[in-house]
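Readers should treat all values here as calculations from the given coordinates under stated rules, not as data from a laboratory. All figures in this text were calculated on a predicted structure; none of them were measured in a lab. Ideal geometry is used to build each Cβ from the backbone, glycine not excepted, and the neighbour counts take in all protein chains shown.
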Amino acid sequence: MLSESLLGIGIGLFSLLLNFHLLALGVREETLGTLNAVGTVAMGMAAFPIAVAARRYGRKGLFISGIALIGTGYLLFAAGTTLFLFYGAQIVMSVGMALLITTEIQLLFHYAQDPALETTSYSLMFAVFTLFTGVGTLLGGVLPDLLGGVTSPYQGSLCLAGAVVIGLAVLRGLILPRETRSMARQPIAIRSVRAYRERMLPGGKIFRLALFVFIAGVAFALIGPFQNVILKFRFGVSDAAVSGVIGAASLFLFFGSLWTPRVIAALGPVRAYYALFALNAALLFVLALPLSFAPFTALFLLRGGAFTMLSNLIESQTMSMIADAHRDAYAAIRNVFRSVGTAGASYVAGRLLERGGYRLPFFITGVVIVLGLIYFTVWIRPLITDSVARQRKATPANDPQG
């Protein structure tokens with residue numbers, strides 16, 4: 001959990017400066033969207049091989065390899081000067097990210113050893129990550145002036161971000177306990193497509209949940225990868241001002257992560273979903289209006305915390321609804337669906353920004369959130385209701401006093 005701070009610093013520093021670095025080298029906004037799209041496609045293509053490897057070899061090694069590849073991708077971006085090298089760096093980084101997100105939550109839940117702690121442990125981990133992402137973002141506002149670079153003023157800082165993440169891979173390889181899952185290092189013996197579906201994909205629940213994540217991925221990708229560009233060019237502010245806003249947003253993400261378990265405990269998962277969907281939609285539609293910098297910033301910060309709570313709720317609750325034996329398969333399918341959604345959304349967002357449409361992504365994201373609420377009501381809420389009913393029914397039977 002504590003080592004997550006290094007990941008946050010590295011990703012926060014890199015995320016703030018990459019787009020500025022590429023723009024300084026003459027890359028257009030539309031190409032930024034295409035780069036993001038290529039990366040998410042690479043993540044989707046890697047998802048199923050990673051899931052198979054996780055079942056055969058265990059998750060820890062893949063998890064650490066993913067972190068190392070992310071850091072390597074950062075260094076390649078810093079060293080590159082051509083689109084060919086940038087696309088290569090994006091693919092390396094994206095495969096590393098696929099390894100990370102396909103194994104991290106399952107590994108965390110394995111270490112938690114208690115289903116009741118799964119949502120709490122995920123929220124705490126994400127809170128640490130987002131807090132130190134803010135630290136990395138704030139560093140991104142000052143380090144370029146100190147470290148400089150040859151190809152752009154941001155090159156030295158990107159190299160530092162890569163070094164931090166690679167150092168984290170080494171550290172986690174040394175400190176994380178060995179995985180003891182009974183299914184680790186077991187090959188998958190599948191004789192037919194039907195047998196695979198029955199063993200790995202029980203019913204249609206996995207696909208319902210994966211499509212839910214697809215919608216969340218679209219909502220994220222329309223704004224998330226480009227928020228620094230939106231802030232800089234919508235309002236014409238300096239890099240330092242952008243760094244300050246995004247750093248402050250990380251604090252809202254941090255507190256949003258901490259509050260997610262409390263909101264679930266207070267409202268229950270169903271009402272929490274409705275409340276967070278409604279809050280996010282309202283904030284997004286207001287952010288699409290022609291606001292000045294100060295009110296926009298205040299609402300932008302609130303929206304960051306609200307979306308983090310919704311995202312954490314989706315990620316932790318959907319994974320908790322899947323039995324451990326099926327979590328690797330679900331993680332792979334979820335990543336494919338998310339990658340398709342984020343690839344398309346990133347491409348669309350890049351084209352909008354190329355044409356100066358710095359308000360429209362907020363309106364479109366608001367529409368996506370409303371569609372997500374409808375999908376939740378029709379397809380996900382029944383799954384939650386059934387899961388709660390089964391848990392209540394099982395409690396008396398498992399109670400020795402009952």
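Applying 1/(1 + (r/R0)^6) with r as the Cβ-Cβ distance of V270 and A298 and R0 = 30 angstrom yields a FRET efficiency of 0.50. Each other residue within a Cβ distance under 13 Å of A216 adds +1 if Lys or Arg and -1 if Asp or Glu, for a net charge of +1. Once the Cβ-Cβ distance of A24 and H326 is raised to the sixth power relative to R0 = 41 Å, the FRET efficiency obtained is 0.35. Going from the residue with the fewest nearby Cβ atoms within 10 Å to the one with the most, Y273, Y154 rank Y273, Y154.
The residues F277, F129, when put in order of fewest to most other Cβ atoms within 10 Å, stand as F277, F129.
Here the chain is assigned +1 on the Cβ of each Lys and Arg and -1 on the Cβ of each Asp and Glu. Its dipole about the Cα centre then comes out at about 1120 debye. R0 = 22 Å: FRET efficiency of L176 with M45, Cβ-based, nearest 0.05? Once the sixth-power term is evaluated, E becomes 0.25.
Taking the number of other C-beta atoms within 10 Å as the exposure measure, put L62, L360 in order starting with the fewest.
Going from least to most buried by this count: L360, L62.
Largest mean-square fluctuation among A272, A325, A89, in a Gaussian network model of the chain whose springs join Cα atoms under 10 Å apart, belongs to A325. Each Lys or Arg adds one and each Asp or Glu subtracts one; over the other residues with Cβ under 13 Å from the Cβ of L23, this totals -2.
For the range 282-369, a simple Cβ point-charge model (Lys and Arg +1, Asp and Glu -1, everything else neutral) yields a dipole of about 260 debye relative to the Cα centre. Seen against the Cα atoms of the chain and their longest principal axis, helix 60-79 is set at about 10 degrees.
Taking label positions 7 Å along the Cα-Cβ direction at both Y111 and V367, the computed distance is 4.2 nm, reported to one decimal. Projecting the Cα positions of I333, S346, L279 onto the charge dipole of the range 259-402 (unit charges on Cβ atoms of Lys, Arg, Asp and Glu, taken about the Cα centre) puts L279 furthest along the positive direction. Across the range 288-301, rounded Karplus estimates of 3J(HN,Hα) from the backbone phi angles (6.51 cos²θ - 1.76 cosθ + 1.60, θ = phi - 60°) give 6, 7, x, 9, 7, 4, 5, x, 4, 4, 4, 6, 4, 5 Hz, Gly and Pro being marked x.
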